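Each remark here refers to the structure printed beneath this line.
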Amino acid sequence: MIPTANAPTAHERADEKPHKQKAKITINAKLYEVHPSPASVEHLKHLAGIGAGDMLEQEVHGHLHRLADDGAVEIHGGEAFVSKPKVVGIKINTKEYHTHPGKNSVEHIRHLGQVPADEVLSEFKNGAFVDLPNNGHVQIHGAEIFASHRPTGGSS
């Protein structure tokens, strides 16, 4: 059969197949349109300009569920995601606390652990406790150990 000027060719008919509609999702309250399919967490973070140091959570029935950085999520439309800085665990005077990784002020660590103003805060580093200046900073990676103590020194 020879196609006429008005009849579509087989190639044109293939192009007429309905394309998948894009799914609408929100990331940090901003609307995005993506193809409905599994999407990597890495792709969603890139799409929304979220830094690698932040985590992505999905809201499901009013609850936030953390997504693994190397994971994926099925997109159907209507999904909502939020990002927030990752948190890591540290110990202050044997109690577990959570803070953001990276540079933290000693003042922040003191406040987090409710260290009394008249005590010195020390970090366990290289097998020993090292006193920290109140106006200093510490690099947090996770699992750091801090302890406070009364100042020592002075002669009797």
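Each reported figure results from applying straightforward, stated rules to the coordinates on display, with no laboratory input. Remember, it's a predicted structure, so these values are computed and weren't measured experimentally. Every residue, glycine among them, receives a Cβ derived from its backbone with ideal geometry; neighbour counts consider all protein chains shown.
On a full-extension model of 0.36 nm per residue, what is the gain between PHE124 and ILE145, subtracting their alpha-carbon distance, rounded to one decimal in nm?
Extending this stretch completely gives an extra 7.0 nm.
Sorted by mean Cβ packing within 10 Å, highest first, what order do the peptides 130-140, 59-69 take?
Top to bottom by mean Cβ count within 10 Å: 130-140, 59-69.
For segment 38-120, take the convex hull of the Cα atoms, compute a quarter of its surface area, and give me that in nm², please.
The number I arrive at for segment 38-120 is 7.2 nm².
Semi-axes, largest first, in whole Å: what does sqrt of 5 times each Cα gyration tensor eigenvalue give for segment 11-156?
49, 13, 11
Which whole-Hz couplings ³J(HN,Hα) result when phi for each residue of segment 128-136 is put into the Karplus expression 6.51 cos²θ - 1.76 cosθ + 1.60, θ = phi - 60°, listed in order with x for Gly and Pro?
Values per residue, Gly and Pro as x: 8, 7, 10, 5, 10, x, 4, 9, x Hz.
What ³J(HN,Hα) values, in whole Hz, does the Karplus curve 6.51 cos²θ - 1.76 cosθ + 1.60 give for segment 113-121 when θ = phi - 60°, with x put for Gly and Pro?
My calculation for segment 113-121 gives x, 6, 6, x, 4, 8, 10, 9, 9 Hz in order.
Please compute the net charge surrounding VAL106, taking Lys and Arg as +1 and Asp and Glu as -1 over other residues with Cβ under 13 Å from its Cβ.
-3
Relative contact order (percent) for the chain, with alpha-carbon contacts under 8 angstrom and 6 or more residues of separation?
Value for the chain: 18 percent.
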